[in-house]
Amino acid sequence: MSVTPSPLQNRLLAALPVEVQERVMPHLEYVPMPMGKVLYESGDTLRHVYFPTDSIVALLYVMESGASAEISMVGNEGILGVSLFMGGESTPSRAIVQSAGSAVRLLGQRLKDEFNRHGEMLQLMLRYTQSLLTQMAQTAVCNRHHSVDQQLCRWLLLSLDRLQGNQLNMTQELIATMLGVRREGVTDAAGKLQRLGVIEYSRGHINVLDRTQLEQLSCECYEVVKKETDRLLPYIRTAA
């Protein structure tokens with residue numbers, strides 16, 4: 001029998017003061033997040049923000065040709081729908097579930113009502129937004145200047161930071177879509193990691209065997225994002 005995840009599995013919600021949680025929790029709605037589900041498309045007007053509990057959602061930019069690449073990922077450390085509370089209401093990116101699980105969502109107006117109190121929630125969300133912008137900027141630099149091998153290592157590490165354990169369910173085709181590269185490039189890079197004993201890959205299932213070596217093989221982009229996230233959101237460092 002499956003157990004519905006607690007909203008407090010989302011680290012942003014868990015970091016809020018109790019009095020803020022008591023105001024917000026009654027208005028949260030559980031949302032299943034199967035792999036491949038599209039939460040919103042580019043240009044959509046947003047009505048809700050989403051707090052992943054045990055899922056990961058990728059934000060992708062999609063070109064007119066249909067080609068796409070991930071600009072950031074959001075898991076249990078964050079929130080989806082930043083443009084809604086930053087005043088934009090819509091977003092140029094597509095949000096798609098890359099690792100299945102669940103989330104809770106909140107009406108955007110409820111979030112704005114809480115922001116109008118100018119309290120802890122506003123400060124926390126603004127700090128999270130700064131960490132998200134850092135991830136987006138570093139991803140753009142990484143995609144331009146680093147090899148597919150290094151990009152894959154960075155992507156695996158960022159994914160692991162948002163999941164329990166060392167296992168990911170992810171096809172090479174989906175990884176290629178996220179990185180904006182050819183599937184053959186991902187196959188080659190994953191094969192190298194497997195031969196080195198860093199990962200074990202089989203039918204869409206990735207088991208990371210040696211995280212230390214994975215970090216050594218990654219470019220500096222992962223460490224830049226992690227350090228900035230730890231600085232802005234110290235609750236992530238101490239999360240269980």
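A few points about this structure:
- Checked against (1) buried (at least 21 other Cβ atoms within 10 Å of the Cβ); (2) more than 17 Å from the chain's Cα centre (by Cα), residue 98 passes all but condition (2).
- Only one of the listed residues (133, 163) is farther than 18 Å from residue 203 by Cβ and free of Cβ contacts under 8 Å to residues at least 24 places away in the same chain. That residue is 133.
Every residue, every condition in (1) under 30 Å from residue 120 (Cα atoms); (2) among the polar types (S, T, N, Q); (3) surrounded by 14 or more Cβ atoms within 10 Å (Cβ to Cβ); (4) without any contact (Cβ under 8 Å) to a residue 24 or more places away in the chain, yes or no:
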| site | (1), (2), (3), (4) |
| --- | --- |
| 186 | no, no, yes, no |
| 196 | no, no, no, yes |
| 207 | no, yes, no, no |
| 210 | no, no, yes, yes |
| 219 | no, no, yes, no |
| 223 | yes, no, yes, yes |
| 227 | yes, no, no, yes |
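- Filter pass, residue 73 being touching a residue at least 40 places away in the same chain (Cβ under 8 Å), of a type in the set (A, V, I, L, M), farther than 19 Å from residue 229 by Cβ and buried (at least 21 other Cβ atoms within 10 Å of the Cβ): no
- Members of segment 179-207 that are of a type outside the set (Gly, Ala, Ser) and in contact with a helix residue (DSSP H, G or I) (Cβ under 6 Å, 6 or more places away or on another chain): 179, 181, 183, 186, 187, 198, 199, 201
- Tally of residues being surrounded by 17 or more Cβ atoms within 10 Å (Cβ to Cβ), within 16 Å of the chain's Cα centre (by Cα) and not hydrophobic (A, V, I, L, M, F, W, C) across segment 16-63: 6
- Of all the numbered requirements in (1) assigned to a helix (DSSP H, G or I); (2) in contact (Cβ under 8 Å) with a residue 60 or more places away in the chain; (3) buried (at least 20 other Cβ atoms within 10 Å of the Cβ), residue 106 misses one, and that requirement is (1).
- Note on segment 156-169: among residues that are among the aliphatic types (A, V, I, L, M) and in contact with a helix residue (DSSP H, G or I) (Cβ under 8 Å, 6 or more places away or on another chain), the one that is surrounded by the most Cβ atoms within 10 Å (Cβ to Cβ) is 156.
Throughout, read-outs are computed from the coordinates displayed, never taken from laboratory work. Everything numeric in this text was worked out from a predicted model, so none of it was measured. All Cβ positions, even for glycine, are placed from backbone atoms using ideal geometry, and neighbour counts span all protein chains on display.
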